[in-house]
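Some notes on the structure that comes next.
Readers should treat all values here as calculations from the given coordinates under stated rules, not as data from a laboratory. Everything quoted here is computed from the prediction, not taken from an experiment. Note that we place each Cβ from the backbone using ideal geometry, even for glycine, and neighbour counts take in every protein chain shown.
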Amino acid sequence: DTEVTQTPKHLVMGMTNKKSLKCEQHMGHRAMYWYKQKAKKPPELMFVYSYEKLSINESVPSRFSPECPNSSLLNLHLHALQPEDSALYLCASSQDRDGGYTEAFFGQGTRLTVV
Amino acid sequence: GDSVTQMEGPVTLSEEAFLTINCTYTATGYPSLFWYVQYPGEGLQLLLKATKADDKGSNKGFEATYRKETTSFHLEKGSVQVSDSAVYFCALGPYGNNRLAFGKGNQVVVIP
């Protein structure tokens, strides 16, 4: 199973709402990622978790709050977003064995629209 | 820092034509190189990879060779189909604590 599953696939939220994006992988990968992708652009890294600990925060605004409850799950909590936060949010995972690296597997993404 | 450069602009070609997308990289270490493909409305799928110099990655008729002397990883396919229409991203990693560096991507449109 080389699948990363993201839910929901689409989300429309108001600027005062609180919502969460979910990501799950069962490949035993130890590194998990959140990316943001705008139309016709490459993905931009937001957060990296390694062995369930936050290892990279690319200066993301605090209205985005990541959480890694266990090695298979990754959440992104959203609060008080702005319309410019509308984008495709991608989750990815890769294997991190003793500092090693294998290719990243991506989910299908959540298409987020902030109104 | 580590980076990837892809040729500018969309690529439009006819079915059964030869496809080349150029990718060059700058890296301080010895990263792996990847091509990812993104179909409309979907996430990124790994198309192929190469982990060291002179390795050739191949998948679904696509090929790319890791050339250290020219710091390149050009993607090629001998005969494209309409179903190959997608955005193609060249990437390298890891660097800086499991980061991936992406090129800007190329939109490929194959006309019947």
Viscosity 1.306 mPa s, 10 °C: Kirkwood-radius Stokes-Einstein D of chain B over Cα pairs, µm²/s: 113
What whole-number distance in Å separates the alpha-carbon centres of the range A:1-39 and the range B:47-112? 25
The answer for residue A:27, listing residues at least 5 apart or on another chain whose modeled amide H is closer than 5 Å to its amide H, is none
Exposure proxy check: A:32, A:15 ranked by fewest other beta carbons within 10 Å? A:15, A:32
Size of charge dipole - the protein assembly as shown - debye, nearest 20, with Cβ of Lys, Arg +1 and Asp, Glu -1, no other charges: 500
Would you kindly calculate the translational diffusion coefficient of the range A:8-115, applying Stokes-Einstein with the Kirkwood radius from alpha carbon pairs, for 4 °C and a viscosity of 1.567 mPa s, and quote it in µm² s⁻¹ without decimals? 92
Taking the convex hull of the alpha-carbon atoms of the protein assembly as shown and averaging its shadow over every direction gives an area in square nanometres of 12.5
Average partner coverage of B:40-49, which counts Cβ from other chains inside 10 Å: 5
Per residue of B:89-98, how many C-beta atoms from partner chains lie within 10 Å of its own C-beta, taken as a mean? 5
